[in-house]
Amino acid sequence: MSYNENPFASSHSLDTNPFEDPTTSQADVARLESIRQREADLERRQRELDQREQQLKHHGKNNWPFFFPLIYHDISVEIPEASRPLITRLYQLWLVLLGTLILNMIACIFILIAGSSDGGRDVGAAIGYLFIIIVTSFLLWYRPIYNGYMKEQALYYYFYFFFCGFHLLFSVYMIIGVPSTGSAGLIQTIQMFAGHHWVAAILGLIATVGWTLQGLGNAFYYRQIYAHHTAAGHTMEKAKTELASHGAKAYFTRG
């Protein structure tokens, strides 16, 4: 140390503004942006956790159906954001199916009142469809594809393709409306119009439109889901591996 050096002298150059912001490098900018993104992601996750906590607080673990909760069902919480519109449309189509089954049963009752010789069989079959199809359609093709997009596992997709394929064939069968089959479809509706049984004819027409709408809608999304399944690289071998690892019971649960 030099004895001639002033220990109290400033080390800053007079040309440098001490109040000027330090130069920020590109690496600093990238690091700050990464921190912001992590904070935003943490905030989003916290909101989702708060939403789920409120859901559980108000409805308990199960929330569907609302009048007798048996399972937990929440598209906005469990389904990735990009897939929510598709699953929402499928759920809406399932609701259309539910409404169509009810209308179909009522139409068959009026077909019986109109004097159809096969009216009794139609009503019996329509009541059976109302209970059987509602349960099986939800468990065998809607719930599997819901879980498929939630967990992105191959076996769910194969469940969906198999059982929704049968449902599409059933929809065609119901659209045709052969007497004594429990369908107030086209043939039955035309017969009611021809016999001037207007209430039965109009209800049959509405039911036929319902079968057509949900059938075409499901066929449209069936193709979209198949394309997604192919792009995601799901295979039968992968599905077998998942089945061996998790067991069949896992495919009807949230875990």
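Charge tally for Cys108 (other residues, Cβ to Cβ under 11 Å; Lys, Arg +1; Asp, Glu -1): -1.
Proximity of backbone amide H atoms, modeled 1.01 Å from N, is registered between Ile71 and Asn63, Trp64 at under 5 Å, excluding neighbours fewer than 5 places apart on the same chain. A viscosity of 0.890 mPa s and a temperature of 25 °C, combined with the Kirkwood radius over C-alpha pairs in the Stokes-Einstein formula, give region 113-255 a diffusion coefficient of 145 µm²/s.
Measuring nothing but protein heavy atoms, the accessible surface of region 20-178 at 1.4 Å probe radius is 64 percent carbon and sulfur.
Listed peptides 155-165, 214-224 appear in the order 155-165, 214-224 once ranked by packing, highest mean of other Cβ atoms within 10 Å at the front.
The values are calculated or read from the model by the stated rules, or taken from the named source; none is laboratory data. All values reported here derive from a predicted model rather than from experimental measurement. We place every Cβ from the backbone using ideal geometry, glycine too, and count neighbours over all the protein chains shown. Remember, those area values only see protein heavy atoms, side chains included, never the ligands or the DNA or RNA. Shrake-Rupley method; radii C 1.70, N 1.55, O 1.52, S 1.80 Å.
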